[in-house]
Each structure stands twice: as structure tokens, then as C-alpha cells.
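*Asks:* Provided herewith is a single structure, encoded as C-alpha cells, for subsequent inquiry.
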Amino acid sequence: MGNRLDRWKKIMGKGRYGGLQAFLDRMFIPLARRCVEHSGWVLLAFIFLTAAALYLTSTVTQDNSYDSYFNAADPVFVHYKDYQREFNSDEVIYLVYKGTNNKDGVFDLSTMQKIDKLTHAIEQEVPFVRKAISLANVELIEAKGDDILISRLRDKGNFGSAELQNLREITMNNTLYTGTLVSKDARYGAILVKMTQTSTAPIEKLRVDPKGGDGLPNLYPQASNNKLKEILARPDFAGMEIILTGDVPWNATYNQIIDSDVVLITLATLILVAILCMILFRARLLGLFAPLGIVLLGILMTTAVMGAAKYQINLLFLMLPTLICAIGVAQSVHLLMNWQAEYKLSGSPRDAARVALEKIATPSLLCALTTAAGLIGMGFSNLKAMREFGIYSAIGVILTFIVTMMVVTTLASRAKKHPAESGAAHPIWLEHTIFAFLETALRNPKRILAAAIAATIIACAGIYQLRVDYNLLEEFKPSVQWRIDTEKIDKIMGGILSVVYVFDTGKPDGIQNPDLIRGIESLQQFAESQPLVADTTSIVDYLKDMNKAFHGGDPAYRIIPRDSKALAQLLLVYELSGGKDMDDIRNIDRSKTVLELRIRLVGASDIRDIVNKLNNHIAANPIPGAKVELSGVGLLWLKIFDYVTDSQISNASASFIMILLFIAIAFGSLRLGLWAMIPNVLPFIFVLGFMGYMGWNLDYMRMTLASVTMGISVDDTIHFLARLRVVFSEKGNYRESLRETMHEVGIPLTVTSAALVVAFSSYLLSSMAILASFGALLCFSIIVAWIIELLLTPTLMVLFKPFGPEFEPDVNEEKPV
């Protein structure tokens, strides 16, 4: 054992390599010795740290609203909050029910009585409901002699067939109701539930019970969604076919999926990794439980960082457990396999642990730093959720490294002596496969390089076909109930995505301007001509109905009055008649009004095209007397799309530059850093090319592929180059050094790649299609990176000699033991 230590120190002392790697190699020698000598104190310290981490983790909350994607100071988000203050929350629940199969449809008496009862129950019992609107209580504007009557079916008490027939005549001939509260064929009706809160409100405003804590059942929107489902399950509504969609069910579904997927994906990852460790380390408990314990500690430490930084759990958090698992298992495997090799030779677990840490700590730290650098590249994103994920996941990677090196080394040094069981089981076929790749590269380096260049050109052609886009509906797998219901409602009633134009006159009663109203009417008519716009609502609809009723119900007068006095008179009569629904589209002092569009759930790029057409129409036909601004949930969705488009290059570039700098500093050579980046950029290029040829879009989740893929792929390169550099400094011959390096690290690199594929394949179990596809692409990139590491990296070393020219080794040097 002493000869091996002397040889290891002599190699480092020659001075044939420098940079951060040499400094770290020397630093870890005394650190490894102290870690082994004081193993009890190390374990005790981690016990205290775990207790503190548990406390901080308990403070982490969950947020899947748009608030998690935007900074509080983001101009778009600020404008959206201003819109909410002026016009109330635009979050809704949209229930669609089926009427009878006879000619009455939804106007059947029994059906209407149930809907009246359901509407009332929702208004009275569901928390955070501002009002529920259905055919049973919608405002009906009618002419009654010289007066205008605003009534509701519910106000008529025991309504019968005559009242229902009148309701049918009014609603089926008015665009305010058809497509919103009743389908055009009267077979389906709807209840529109408007909320008092939004998911972006402070947590203290989202609690049902102020003293009930911050668990999901006590918070909006989960509490509202749960109560609604409880009402629908009552015997009173048995037999009714009711489906629902909207912001509240959507956010509640997100919360449910994240809650269940975090547990499912984490457990699946741990089970798969446990199986892999059992195969890899046979029955040794250390090899089984150490990687699993590292994963759990790494996740715990990272969520503790989130608690300390007040970060919240959102969709991107689902990536964290598997990412930490992949990093922790990979580092544990490298350390334990080296420990097993040293243990088999020396028979001393303490000496084996010390030497293994000395050899593995530097490349493992460099791997952690470069992976963190790749993730930090997300910190340049305009999306708050992605930026925060990049920060806390990068910190988590570093913490996982510290936990792995300290805890695994400590446990290994205290292992019982069982030399006969210390060797790992490596299939001969796997070693032969690895060396077949290597020898192919050594025999045909120019052909391998030419093939890599050709494959890169083909992949770049695929990238040229790649589109940046995403669809809110397609984030979920087709089996998710919210997606099933939403797709059905989209076909029956039209779109559910809200896009709002706000018209600000800047003065009280400014909306009483006929020119302004006619400008809004022109924009509304242009919007209705767009195929993807399902429905529109504005003050124009109410004023036309009022003017028609004011003239005895004459259809010829369903027009905009010519002067402002007539407009003011109509608005006053509406208020005196008890009208309330118009309050949702105008503010208190009548200085602002809105045009609400309901758009079908298509790709964000299609929504952007519609908005661009509307904006161009406004530019060509300015709205008199008002400043026009876009708002609503649809605007937030579009800004996410814009941010994804803007960030795809900046995030990848930031990750590339930061990883390159770390490698250059680590190896003391910018030239070597550039060569090392080639095998790490290519997997990402090949994945993007594959996506382009498959017609898959680049969404906000797949956008992280650059940072994650480069951050993970570089780990194998660093382990390989760090060991190759040491061996080359001893042998002076690239081919011999590559064979010895591959003999030492080829199996661990393959095993860690397999562990990464196994870990990330757990994403396929998620109910989120966007995460499952991300997992599949990441697994593909890891396999590609492994092949490149075995073929292209040795090729580059042989052809371009990045460590300098070959030399004759010192003949007086002690031969390997």
C-alpha cells in the first residue's frame, strides 16, 4: 500500500501538469487523512446539519401560478397586477354540462332547476368565489313598454316552461350568451365562476382558515377546487354530465401532479438506483445504502437552501430529485469503485478510503463545479422559475459533492474487513465492449473525426427546422382528466384562454365617447374574424343590447348611439335597473374598459400571430381617445413564449462559457478546455437535431437541455481527462495512456452513464408530458455522450495532443505496482 501512495505522490510532484487540478490534488491529501482519522466527528457534524436542513425544508411552500415565472418588478407582470386591481381577478372555473337529449336541451325544466341549485351552492359554499353566472341567473336585458328591464330567471321564483321559452329566445339570439353560457345547438350549457383571488396573491390572502396552515387543502386554488368537486358529488346532481376547466382546476391539477410526481419520481429513482447498486456492489450494504443515503441527503440539503432563500416549489422542481440522484450516485460510484479496488489490494478499509478520496476528490469536485456552472447558465433566463432552479440546483450539486466525499469516505473507512468480498462484479463483455470502442478510435482516428463532423452537419440541418413553441394543454399527458375535459370543452364552447385589451382614457367617464366605442367595435369585429378567436365580450355588446331595449326591442337599433349623452343615459339606466355584469369590463370611475377575447388552446406561436394581427389593426386604425394595452393571463403566456425564445441562445452560451472557464482553470489551459468542450457540446447538438427532424418544439422545459446536458456530460470528460493527464505525465505516450486510463475509468464512466439513464428514465412516469419528453431526450443525450466519450475523446487526444508532445518516460521511475 505504501508503494502505491509513494507512486501517487511522485506523479503529482513531477510538475508535468499544473493548474487548479494540481493544487486540488495536493490539498485533498491531508483532507482525506483528517476525514478518515476523525470519521466520528464528521458523522456527528452531518447529523446536526441534517436536523437543521429538516427544519428549513419544512418552511418551503408550493407555487405553480404565473407568479412563479415572473419577477415582481417585471413590467408585464406589474401591468397584469394593475389590471387585476381595476377589474378584479380574471381567474375562473368553467363548468360545462349536458342538457337532455330532447328538443329542450339545456332549457329542460328539470335541468334548469338543478343548474339553479348548483349555481347557488357554488356562490355560497365554494371559497374565494366572487360570483357564478349561469342561464339561471344571467342578466337578461328586455324592453318593457317605455322602460328597460334587467331580470334573471332566478328572480321569477317558480319558473316554468313559458319563462324557459323566453329565456331561450333571448339567449340563443345574443352573442353575449351563445358560446359562453349555452352552445349554439342548445345541447350544452355552462356555469362561469369568477374568483376573488388569483394564485399570484400573497399567501396570507390565499388561506381559507387563517389559522389552518399553508397545506394545499387550506389554500386557494386547491380549497376551491376540492369544495367544488364535493358539491358535484352530491346526490342532487347525480346523473348530470358535468366537466370543468379554467384557471382554478388547471392550477389545482398542477399542484396535485407535482405533489404525487415528486414522491413517485423520487421513489422510482431510488428503487432503480438501488437495483443498479445491488448488481454493481453485490450484497455489500455500503454499496447499496451509501448512494441512496447521499441522494436523500442531497435532496434534503437543496430544499433547505430553497427554504433559506424563500424559493418555492414549482414544475421545474420535479427535475431536482432525479438530478441530485444522478449526481450523487455517479460520484458515489466513482468513489466506491476506487475504494473497492484499493481495498482488494491493501485489505485495509481506512487506507483504501484515504487513497480513494485522494484520487477521486479532485475530478469529482471539478465535475460538481462544471455541472453547477452549466446549471448557473439558467440564472441568466428571464423566467423567474428557471432562474431560481438554476441557482438552487447548482448549490445542490455542490452540497451533494461535499456530502458524498465526506460521508461515503467516512462510512467506507469504518467498514468491516471482508477482503474476499471487496471486488466489484464487472461483466467481461462490458469491458470488452469499452475497449472495442477505444481500439476503434485508436486505429481509425481520422475516420472517427470525419464521421463526427458529418454527423454534426446533419444534426445542424435538423436544428434549422426546430421551432420555439409550447402548448399549455399539451404539457399534460392525454390521460390527465383536466386535459380530457378541456379538449372536450374547447370543441363544445370554444377557447378558454383569456386575452384582454385595456382601453385607458385617462379621465373619469372617458369611456362615454362614441368614437372610442366604435373603435372598440371595429377591433372586436376584426378579432371575431380570426378563426382561433372563439368569443369576444366588451362594453359594445351591453350598449347595443341596451339601445335595442331602449327602442322597444327593435333589432334595427342594436347599434352604438351617436352622441356621448345617449351613451351616458344608457349606462345610467343600466345601473338604475340593477345591472351588475358590466362591472367586470369597466372600472369604477369609467375611465377604463376592456375587450375580452377567448382563444382556443393552441400553440403560443399561434397566439402570438393573432395578437400581432390585432396590434397591427390597432396601429392602422387607432382607437380614439384611449391608450391601448394588452393584459390578462394570455399576455403572461405570451411573455413566457417570448422569454423562451430570447433565452434559448443566452442560456446555452452562458453554460458553455462558464463550463469552459472552469475546465480551463482546472487544467491550467484554455486550449485543453476548448478541446474538452467538443464532446460535451455535441450531445446537445445531436438532441436538438433529433428534435428538429421529429418536428418537436423547443418549450421552456426542453430549453434547459443545454445547461443540464452540458453540465452532466462534462463529468465523464473531466474524470477521463483528469486521470489521463496524470497517466500521460508518467508514460509520455497517448495511446498507452489512453489504454491505462480506460482500464481505470472506463467501467465507472459506463456505470455512471447507466445510472444517469436509469435515474432520468423515471421522468417517463410523470403525468406531465412536458417532463416525460424531457426525460426521454435527456436519456438519449447521455447515451450519445457516452458513445462520444469512448470514441471521439480518445480520437481528439491522439490527433491533436492537447497535453503537449509525447516524451520518453524516466527510465529510473519506479514501475507500477
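The values are calculated or read from the model by the stated rules, or taken from the named source; none is laboratory data. These figures come from a predicted structure and were not determined experimentally. FYI the Cβ positions are ideal-geometry reconstructions off the backbone, even for glycines, and counts take in every protein chain you see. We work out accessible area using only protein heavy atoms, side chains counted, and drop any ligands, DNA or RNA first. Shrake-Rupley method; radii C 1.70, N 1.55, O 1.52, S 1.80 Å.
*Asks:* What's the total number of residues in the stretch 24-54 that are open to solvent by 40 Å² or more (accessible area, probe 1.4 Å), in contact (Cβ under 8 Å) with a residue 24 or more places away in the chain and over 21 Å from residue 415 (Cα atoms)?
*Replies:* 3
*Asks:* Which one of the conditions (1) touching a Ser or Thr at 6+ places or on another chain (Cβ under 7 Å); (2) among the polar types (S, T, N, Q); (3) more than 20 Å from residue 625 (Cα to Cα) does residue 456 fail to meet, given that it meets all the rest?
*Replies:* Going through the list (1) touching a Ser or Thr at 6+ places or on another chain (Cβ under 7 Å); (2) among the polar types (S, T, N, Q); (3) more than 20 Å from residue 625 (Cα to Cα), residue 456 breaks only (1).
*Asks:* Also, quick follow-up: Mind listing just one residue for me: the one in the stretch 576-614 that is surrounded by fewer than 16 Cβ atoms within 10 Å (Cβ to Cβ) and not acidic (Asp, Glu) and, of those, nearest to residue 471 (Cα to Cα)?
*Replies:* 612
*Asks:* What number of residues within the stretch 453-489 satisfy the criterion of being within 24 Å of residue 784 (Cβ to Cβ), open to solvent by 20 Å² or more (accessible area, probe 1.4 Å) and in a helix (DSSP H, G or I)?
*Replies:* The total comes to 10.
*Asks:* Would you mind finding the one in 190, 186 that is open to solvent by less than 30 Å² (accessible area, probe 1.4 Å), over 13 Å from residue 93 (Cβ atoms) and over 28 Å from the mean Cα position of the chain (by Cα)? First the steps, then the outcome.
*Replies:* On the way: 190 fails: over 13 Å from residue 93 (Cβ atoms).
Just a single option satisfies the conditions, and that option is 186.
*Asks:* Also: Condition test on residue 656, is it assigned by the TED database to the domain that holds residue 442 and in contact with a helix residue (DSSP H, G or I) (Cβ under 6 Å, 6 or more places away or on another chain)?
*Replies:* Numbers: assigned by the TED database to the domain that holds residue 442: yes; in contact with a helix residue (DSSP H, G or I) (Cβ under 6 Å, 6 or more places away or on another chain): no.
The answer is no for residue 656.
*Asks:* Give 543, 567 a once-over and let me know the one that is in the same structural domain as residue 498 (by the TED database), within 15 Å of residue 516 (Cα to Cα), part of a helix (DSSP H, G or I) and touching a Pro at 6+ places or on another chain (Cβ under 7 Å).
*Replies:* After applying the criteria, what remains is 567.
*Asks:* Which residue out of 706, 654, 755 is out of contact with any Gly (no Cβ under 9 Å at 6 or more places or on another chain) and open to solvent by less than 40 Å² (accessible area, probe 1.4 Å)? Working first, answer last.
*Replies:* Values: 706 fails: out of contact with any Gly (no Cβ under 9 Å at 6 or more places or on another chain); 654 fails: out of contact with any Gly (no Cβ under 9 Å at 6 or more places or on another chain).
None of the other options fit; the residue is 755.
*Asks:* Suppose the filter is on the phi < 0 side of the Ramachandran plot and either under 34 Å from the mean Cα position of the chain (by Cα) or not in a loop (DSSP other than H, G, I, E, B) (or both); does residue 200 pass it?
*Replies:* It is true that residue 200 is on the phi < 0 side of the Ramachandran plot and either under 34 Å from the mean Cα position of the chain (by Cα) or not in a loop (DSSP other than H, G, I, E, B) (or both).
The rows are residues; the columns are (1) at pLDDT below 85; (2) over 30 Å from residue 791 (Cα atoms); (3) touching a helix residue (DSSP H, G or I) at 6+ places or on another chain (Cβ under 7 Å).
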site: 381; (1), (2), (3): yes, yes, yes
site: 390; (1), (2), (3): no, yes, yes
site: 417; (1), (2), (3): yes, yes, yes
site: 432; (1), (2), (3): no, no, no
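*Asks:* Residues of the stretch 665-676 being open to solvent by less than 50 Å² (accessible area, probe 1.4 Å) and free of Cβ contacts under 8 Å to residues at least 24 places away in the same chain, which ones?
*Replies:* Of the residues in the stretch 665-676, the ones open to solvent by less than 50 Å² (accessible area, probe 1.4 Å) are 666-667, 669, 672-673, 676.
Answer for the stretch 665-676, where residues must be open to solvent by less than 50 Å² (accessible area, probe 1.4 Å) and free of Cβ contacts under 8 Å to residues at least 24 places away in the same chain: just 673.
*Asks:* What pairs come up if the first residue lies in the stretch 153-164 and is at pLDDT 75 or above, the second is of a type in the set (Asp, Glu), and their beta carbons are under 9 Å apart, counting only those six or more places apart or on different chains?
*Replies:* What qualifies is 153/116; 153/163; 159/116; 161/104; 164/104; 164/108.
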